[in-house]
Amino acid sequence: MRFMFQYPEKKGTAGDLLDAGAIGEVARAVERNGFSGFSLTEHPAPGAAWLAAGGHQTLDPFVALAYAAAVTERIRLLTYLAVAPYRNPFVLAKAAATVDKLSGGRMILGLGAGYQKSEFHALGVEFAERNALFDEVLDVLPLHWSGEPFTYQGRHFSARDVVALPRPVQSPIPVWIGGNSALSRRRAAERAQGWMPMAGGALVSASARTPSLDSLGDLDVTIASLREAAAAAGRTDQVDVLYSYRDFGLETPAVDADRHREAFDDLKKTGVTWISVTTRSSSPAATLEFLEAFGSTYLT
């Protein structure tokens, strides 16, 4: 099982998103302290009311991950997550392929359907079409990354005998699907390389418009079902599962370490292959201290 570090979220509109540390400095510390991956989320046009109620600021994840790629050598680079319907599939595929090419094959494309209606409106995307547009993205990505000419007729575009070069280093770039719905899990089982369940309780699930996944037992059953569906679809490769571990006690990693190790072990037994952790730090020093303490406690 491997560990991903999610760049700390800056809540609300006060302060600066990078209060927790410069992306390059944090990415180097993530790699230095034994993590296997680094991730950022996205909200290109979040509503002011959502930010005022505790929503978080974001960078463009592809630009930021490319920056992180330039100062690291080993860690995987994940969009956790990018909203697939927000972009034309060709623009999304090119952004992911660019990061993969520049990083030497370290990109993981985490995708979700999205849930903020106001953000869809701001971007000129029909909220009601988000699942159809998501499926178009999943159709186009492998065609785009193949480096071969292809034609595809979408709802709002017509691509005729197009070819995208250069190819990404990976074939394909791993795609991980976020969300707890049956549709999200079916996409992951049949069309992706990973699944990212959403934890956090009923309130978080309601705001993100996804069913709640409340217990370890629920997760165990759901992962087993996901892997059965993948096998039924004729797949023999492993579908990765990334779980977001958000125990507030982990803010001081060395305290109660045995309890956290037991929790990590329980997650591994359910079939989780990656665990995402973060910190609520609002200073570079605190972020670097967390990374060093977590690495020395759990990763060495």
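What follows is calculated from the coordinates using simple rules that are stated; it is not laboratory data. Computed from a predicted model, the values in this text were never measured in an experiment. Note that each Cβ is placed from the backbone with ideal geometry, even for glycine, and that neighbours are counted across all protein chains shown.
Exposure proxy shown here: for Ser103, Ser225, the number of other Cβ atoms within 10 Å sets the order, fewest to most, as Ser225, Ser103. Annotation for Ser118 and Ala45: the two label points, set 7 Å from Cα along the Cα-Cβ direction, are 1.3 nm apart. Placing +1 on each Lys and Arg Cβ and -1 on each Asp and Glu Cβ, with no other charges, gives region 48-189 a dipole about its Cα centre of roughly 280 debye. Projected label points at Asp258 and Glu73, each 7 Å from Cα along the beta carbon direction, are separated by 3.8 nanometres. Tell me, what is the FRET efficiency for His56 and Met1 to the nearest 0.05, using R0 = 22 angstrom and their Cβ-Cβ distance as r? Plugging the Cβ-Cβ distance into 1/(1 + (r/R0)^6) gives 0.25.
In this structure, the amide hydrogen of Gly154, modeled 1.01 Å from its nitrogen in the peptide plane, lies closer than 5 angstrom to those of Ala159, counting only residues at least 5 positions away or on a different chain. The C-alpha atoms of the chain define a longest principal axis, and helix 182-191 lies at about 70 degrees to it.
Across region 152-300 the C-alpha pair distances fall into 10 Å bins from zero in the proportions 10, 30, 30, 21, 7, 1 percent.
Among Tyr245, Tyr86, Tyr7, which comes first, then next, by fewest other beta-carbon atoms within 10 Å?
Numbers: Tyr245 17, Tyr86 22, Tyr7 27.
Final ranking by Cβ density, sparse to dense: Tyr245, Tyr86, Tyr7.
Treating r as the C-beta distance of Leu17 and Ala285 and R0 as 30 Å, the FRET efficiency rounds to 0.95.
Computed over the chain with a Gaussian network model linking Cα atoms closer than 10 Å, the most mobile of Pro149, Pro44, Pro166 is Pro149. Toward the positive end of the charge dipole of the chain, with +1 on the Cβ of Lys and Arg and -1 on the Cβ of Asp and Glu, the farthest Cα among Phe134, Tyr243, Pro197 is that of Phe134. The number of Lys pairs in the chain with C-alpha atoms less than 29 Å apart, excluding pairs fewer than 8 positions apart on the same chain, is 4. What angle do you read, to the nearest 10 degrees and between 0 and 90, between the alpha-carbon axis of helix 216-232 and the longest principal axis of the chain? The two axes meet at around 30 degrees. Based on alpha carbons, the Rg and Dmax found for the chain are 18.7, 58 Å. Placing +1 on the Cβ of every Lys and Arg and -1 on the Cβ of every Asp and Glu, with nothing else charged, gives the chain a dipole about its Cα centre of roughly 500 debye.
Over all directions, how big on average is the projection of the convex hull of the alpha-carbon atoms in region 1-121, in square nanometres? For region 1-121, averaging the hull's shadow over all directions gives 7.7 nm².
What you get for region 1-98, charging only the Cβ of Lys and Arg (+1) and of Asp and Glu (-1), is a dipole of about 280 debye around the Cα centre.
For Gly179, the residues 5 or more places off, or on other chains, whose built amide H falls under 5 Å of its own are Met196, Met198.
Annotation: the residues Val83, Val277, Val255, sorted from fewest to most other C-beta atoms within 10 Å of their own C-beta, follow the order Val255, Val277, Val83.
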